[in-house]
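> So that we are looking at the same thing, I have put the structure below in structure tokens.
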Amino acid sequence: MVAVVMQLMPKTYPSLIDVYTQSVRIDPRTNETIREWNYLDPETVRCNVVALKPKETLEIFGKLYENKKFIKIETATKFDLSQQAGNIRSRRSAPYFQPYDDPYVFNISNVNTQIDQLGNIVCFELYLEYFRTMSEIAR
């Protein structure tokens, strides 16, 4: 008898996520480029969260990514790789994937556009890779 191992498609959860944008300015005295993240005034958007663990999904990840924390987000809003995301929570404000009092911050590591058969944009897929917790950033 042969045992069959079956992997299920990841489940999606209607959620909210905060997206953080980096501001860039030049110090007029030193001509130095200063980059600062604004974690206090994020853009909150509706999304679907897909729980992704590289070993438990149908998506293929290389060995480099085997032990990293990834989350896939589907949203109607397009974001880019220069932004970060975090404070992922249900639409009723219960946290996902993180301690309640110390939200995770993720780098946006990939952005894809999902298109239907007629060529219409269905959503944007953001792949998030764990960066740090808010308390680690505040230090």
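> If Lys and Arg each add +1 and Asp and Glu each add -1, what is the summed charge of the other residues whose beta carbon sits under 14 Å from the beta carbon of Val111?
So the surrounding residues net to -2.
> Sort all Cα-Cα distances of the stretch 80-139 into consecutive 10 angstrom bins from zero, then give the percent of pairs in each bin up to the one containing the longest distance.
Final binned percentages: 22, 38, 28, 10, 2.
> Okay, moving on. Please give me the summed charge of the neighbours of Arg25: other residues whose Cβ is under 14 Å from its Cβ, Lys and Arg +1, Asp and Glu -1.
Taking every Cβ under 14 Å from that of Arg25, the sum is -1.
> Whole Å is fine, so just give me how far the alpha carbon centre of the stretch 34-48 lies from that of the stretch 106-124.
20
> Next question. Might you work out the accessible area of Asp102 for me, using a 1.4 Å probe with all protein chains in place, and round it to the nearest 10 Å²?
30
> Note down the net charge around Gln83, summing +1 for each Lys or Arg and -1 for each Asp or Glu among other residues with Cβ under 14 Å from its Cβ.
Cβ neighbours under 14 Å give a net charge of -4.
> Still on this structure: Got a sec to turn the phi values of the stretch 77-84 into Karplus ³J(HN,Hα) couplings, 6.51 cos²θ - 1.76 cosθ + 1.60 with θ = phi - 60°, whole Hz, x for Gly and Pro?
Result, rounded to whole Hz: 9, 8, 10, 10, 5, 8, 10, 10.
The values are calculated or read from the model by the stated rules, or taken from the named source; none is laboratory data. These numbers come from a predicted model, not from an experiment. Don't worry about glycine lacking a Cβ; one is built from the backbone with ideal geometry, like all the others, and counts go over all protein chains shown. Areas reflect the complete protein model, heavy atoms only, side chains present, ligands, DNA and RNA absent. Shrake-Rupley method; radii C 1.70, N 1.55, O 1.52, S 1.80 Å.
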